[in-house]
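Throughout, read-outs are computed from the coordinates displayed, never taken from laboratory work. Computed from a prediction, not measured in an experiment: that's the story for all the values here. All Cβ positions, even for glycine, are placed from backbone atoms using ideal geometry, and neighbour counts span all protein chains on display.
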Amino acid sequence: MCAMTVTAWKTWAPFVDALRRSAPPGTRTHAFVGTVGKGAWQGTYTDDGDAAARREHHRALALEAARTGGPGPRAGLEDALRAVAAQLPDSEQLVHVTATADGADDAVELITLPPAVVPGPGLPVLEIVLEPGALPAPHRATLAPRPDATPAPSADPEAVARVVREHLPEAGGATPDEVEAARAQLPGGAQLPHEVRALYSVAASGALRLGDDDRFGGFEIVPLSGSFLREAFLPARRFGTWSADAETRAPQDPEGRVQPAVGSPLWFPVGTDGAGNVWAVDLAPGPAGHLGQVVFLDHEEHAGARFRAESLAALLVDRVPAPARTADAPPADAPGDVPPQQPEFLALDPAAWTERLDAGTVPDTLKAAGLVPDREHPPALADVLPVADRLLELRGLPTIEVTRLTPAAGGRRGEATGLLARLFGR
């Protein structure tokens, strides 16, 4: 029922009329691009009028509304969008709505993006993933256990067990089978240090309250299974979009204790501070590190781990303070670096992509293509969609579907005669 309603012109007509009325004097075309549905909406408004005149117009309307207590300049638009959103309680619709001064070119374009097209905050199309599921090279790089790595002199399984037992006297420990099941999930035949086994033998979960020492907060044990924190800092989970993360590089520990990586299952989570950050035991330390040293995984950082303590005993018993942050720099030979002549990602504006497509110079090595190189000045949707379709067709991927509604067509679904025809009604 929703599809039939949303593809009817009469559903959108009140919003098109409100869009026209909201335009400043002298504006010929006023447009909205955004999403509507699930009881909400978001998007941007543009017009072909003078920017200074537009600001003054909206300022005058806002002042009048404040003086009289009447509706604000966007009230009519909000009411109309609310009515449309009510027709889509379970889904969101990407839409491009155009209202013209004389109504002759009014149109609503309902846009359905295929899985390869990634939108961004306030952007209908941010990038195209040309290789489904692909991640940047640094996110594909892995760490391996170091056969020569040894525990630090401060490692003390008995001390770890004692402090956990003192603070969690009623806790139940994990069984040997549960510990072994967690170890079996580790790559490269990695083993769990004795300190980790000691911790879980006493308590499978629970929050350690280690006094009022403000150098070190609480330590809540991360269960061996069933916790999202076990995967939250793996490379795939730390990845957002190619536009944001293609250039991500792991920081380098200046003392060589921690290997640079976006993330790794060999950073084995053992505790959380309750704020989304994790203490993990490092099973693949750097050349100057120790097997079982503790690293800190910060949920605000997209890559890397920071050295915290040389052993679990040093963390829980001595409660060493967090080291001061130093200026990090990517290592000279960063894991996952790719040759510049074989790029995996490029972010270009539609005109630059068109030149490459026409010339046949889109690199075969690309795994993703960005269409918004400047977030402050994003390209017009009408410029982005044809280029996006050409990039998708280049790799044989499903293209963007656009359904154009107009008053004259009565809201009928147009035939799939190509993007330009569907987009501009030709």
> Fully extended, how many nm does the chain gain between Arg140 and Arg21 (0.36 nm per residue separation, minus their Cα-Cα distance)?
Replying inline: 37.7 nm
> Averaged over all directions, how much area does the convex hull of the C-alpha atoms of segment 210-318 cover when projected, in nm²?
Replying inline: 7.2
>> Pairs of alpha-carbon atoms within less than 8 angstrom and 6+ residues apart define the contacts here; what relative contact order does the chain have, in percent?
In response: 17
>> With a cut-off of 8 Å between alpha carbons and a minimum separation of six or more residues, what is the relative contact order of segment 11-141 in percent?
In response: 29
> Where in segment 4-30 does the amide nitrogen come within less than 17 Å of the point 7 Å from the Cα of Glu56, taken along Cα to Cβ?
Replying inline: 23-28
>> As a test of understanding, state the convex hull volume per residue of the chain from its alpha carbons, in Å³.
In response: 217
> Counting only complete DSSP H runs, which helices of the chain cover 18 Å or more along their long axis at the Cα atoms and score a mean Kyte-Doolittle of 0.0 or above?
Replying inline: 381-394
> Say each of His377 and Ala171 gets a label point 7 Å from the Cα, pointing the same way as Cα to Cβ; how far apart are those two points in nm?
Replying inline: 5.7
>> If R₀ is 30 angstrom, what is the calculated FRET efficiency for the pair Glu247 and Gln191, using the beta carbon separation as r and rounding to 0.05?
In response: 0.30
> In nanometres, what is the gap between the two model label sites at Asp90 and Glu178, each 7 Å from Cα along Cα-to-Cβ?
Replying inline: 3.9
>> At R0 = 35 Å, how high is the FRET efficiency between Arg82 and Glu231 if r is their beta carbon distance? Nearest 0.05 is fine.
In response: 0.35
>> Could you derive backbone 3J(HN,Hα) for segment 362-378 from the dihedral phi with the Karplus parameters 6.51, -1.76 and 1.60 (θ = phi - 60°), listing whole Hz in sequence and x where the residue is Gly or Pro?
In response: 6, x, 5, 7, 4, 9, 7, 10, x, 10, 10, x, 10, 5, 6, 9, x
> All other residues with a Cβ under 13 Å from the Cβ of Leu63 taken together, and with Lys, Arg as +1 and Asp, Glu as -1, what is their net charge?
Replying inline: +1
> What residue among Pro114, Ala408, His139 has its Cα farthest toward the positive end of the dipole of the chain, where the charges are +1 on Lys, Arg and -1 on Asp, Glu, each on the Cβ?
Replying inline: Ala408
> If you add up the charges near Gln293, with Lys and Arg at +1 and Asp and Glu at -1, over every other residue whose beta carbon is less than 15 angstrom from its beta carbon, what do you get?
Replying inline: -4
> Modelled label-to-label distance, Asp102 and Thr46, 7 Å Cα→beta-carbon offset: nm?
Replying inline: 2.3
